[in-house]
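Participant: Below: one structure in C-alpha cells.
The values are calculated or read from the model by the stated rules, or taken from the named source; none is laboratory data. Predicted model, so just to flag it, every value in this text is computed and none were measured. Here the Cβ is made from the backbone with ideal geometry for all residues, glycine too, and neighbour counts use every protein chain on show. Please note that ligands, DNA and RNA were not included when accessible areas were found on the heavy atoms of the full protein model with its side chains. Shrake-Rupley method; radii C 1.70, N 1.55, O 1.52, S 1.80 Å.
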Amino acid sequence: MNYLVIKLGGSIISRLPDLFFQNIAELKEKYGCCPVIVHGGGPKINEALEQKKTEIIFHDGLRVSTPEVVETAEMILSGHYNKKIAAKLYQAGGRAFGFSGVDGACMEAEPVKPDGSIGNVGKITKVDGQLIELLCRKGYIPVISPISIGQNGTVYNVNADTAAGAVASALHANIIFVSDIPGVMNRHISSTHVYSRLTASETASLIEEEIITGGMIPKVQAALSCLQENVKETVILNGFDSNSLFTYASGGECGTKIMKEEVTYA
Ligand SMILES: Nc1ncnc2c1ncn2[C@@H]1O[C@H](COP(=O)(O)OP(=O)(O)OP(=O)(O)O)[C@@H](O)[C@H]1O
Ligand SMILES: [Mg+2]
C-alpha cells in the first residue's frame, strides 16, 4: 500500500481550513495513497501548563518533560487534539481512528537523554506498523498522538515531528510536515523568503547561523533522519493554504523540500 504520513502541527490544527481536512479525506480516492496523520499540540500544552503555573522549558526545540508535564501533554495530545482531528475528518467525509503510541504499544520509546537532563522526552525505538496497515486496509484514516511507551511502562513525551518521521520510516512512506509557516524561511533575505529545496548541509548551516530555530530544529532533523532510512521525500508545507496538499500530491512545487543529496540546479 502507498502511504503518505501527514504531520499536523499543533501550531495549525485549530486554524486548518475545513477544505484541508476534506482534501485529506479524499486523498486515497483522488491520488491512491492512504493518509496517516501524526499530530502535535504545542500551543494548548503551553496553555494547560500556564494554568497550572508549571514552568515551560525548551532545549533545542524539545520540551523538558517532568512526569507532570508528560501527564499534561498526554491529556492534550491523546485526548483533546487526537479526538478533535478525528471529529474534523469525520465531518469532512472520512472515517478516522485515533490512538497514541501507548495503545497496543505501537510506538516504543526510550529517553533522548539517559542522564535525565530533559526528563521523559522520548525517541522512538520501534513502530509496530501492523495496526496502521490494518486500519488503512479497512478504509480508516489513522490519527496518531506521539505519546509513546517505554519497555518498563514509562510514558514518554515524544516530539511530534520525530514521531511522524519514525512512522514514515516504518511505512516506507513520504512525509509532509504541515505547519503555520509556508516552509523554511530566511528573514535575513526577506520577510517572505521561502527555500523551495534544502540539502542536509544547507540545513545544518541555517541551524548554525540561527536562521532555523525553535520548533523548526526538530522538524528539519526529523526530515533528515527519516531520509537516512526508508523515506524518499520530505516536505514542509503551509497549512493555511488549503490547496497545498493536492498541489503536493499532484507533483507540484510547494513548501520546502528537504533533500538528502546535494542538488544541481539547472
Ligand atoms: N527558519 C524558519 N522558518 C520558518 N519557521 C521557523 C524558522 N525558524 C523557526 N521557525 C519557527 O518554527 C515554528 C514551527 O514549529 P513549531 O514546533 O512551533 O510548530 P509545529 O511543529 O507546526 O507545531 P507542534 O510542535 O505543536 O506540532 C514556526 O511557527 C516558526 O516560528
Ligand atoms: Mg513542533
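Participant: Could you run through region 17-43 and say how many residues are within 15 Å of ligand 2 (Cβ to nearest atom) and either open to solvent by 10 Å² or more (accessible area, probe 1.4 Å) or of a type in the set (K, R) (or both)?
Facilitator: Number satisfying all stated conditions: 2.
Participant: Going by what's in this entry, would F99 be described as in contact (Cβ under 8 Å) with a residue 40 or more places away in the chain, under 18 Å from K7 (Cβ atoms) and of a type outside the set (G, A, S)?
Facilitator: When the stated conditions are applied, F99 passes them.
Participant: Of the residues that make up region 37-55, is at least one among the small types (G, A, S), in a loop (DSSP other than H, G, I, E, B) and away from ligand 1 (no atom under 12 Å from the Cβ)?
Facilitator: No, every residue in region 37-55 fails to be among the small types (G, A, S), in a loop (DSSP other than H, G, I, E, B) and away from ligand 1 (no atom under 12 Å from the Cβ).
Participant: Related question: May I ask you to list the residues in region 214-237 that are within 12 Å of ligand 2 (Cβ to nearest atom) and either more than 21 Å from P146 (Cβ to Cβ) or open to solvent by 50 Å² or more (accessible area, probe 1.4 Å) (or both)?
Facilitator: If the condition is that a residue be within 12 Å of ligand 2 (Cβ to nearest atom) and either more than 21 Å from P146 (Cβ to Cβ) or open to solvent by 50 Å² or more (accessible area, probe 1.4 Å) (or both), then Q221 is the only one that fits.
Participant: Would you call G215 of a type in the set (G, A, S), touching a Ser or Thr at 6+ places or on another chain (Cβ under 7 Å) and in contact (Cβ under 8 Å) with a residue 24 or more places away in the chain?
Facilitator: On the way: of a type in the set (G, A, S): yes; touching a Ser or Thr at 6+ places or on another chain (Cβ under 7 Å): no; in contact (Cβ under 8 Å) with a residue 24 or more places away in the chain: yes.
Spelling it out, it is not the case that G215 is of a type in the set (G, A, S), touching a Ser or Thr at 6+ places or on another chain (Cβ under 7 Å) and in contact (Cβ under 8 Å) with a residue 24 or more places away in the chain.
Participant: May I pose another question? If I189 satisfies all but one of (1) open to solvent by 40 Å² or more (accessible area, probe 1.4 Å); (2) in contact with a Cys (Cβ under 6 Å, 6 or more places away or on another chain), what's the number of the condition it fails?
Facilitator: Failing condition for I189: (2).
Participant: Among N243, N238, which is more than 9 Å from ligand 1 (Cβ to nearest atom), modelled with pLDDT of 95 or more and over 25 Å from G129 (Cα atoms)?
Facilitator: N238
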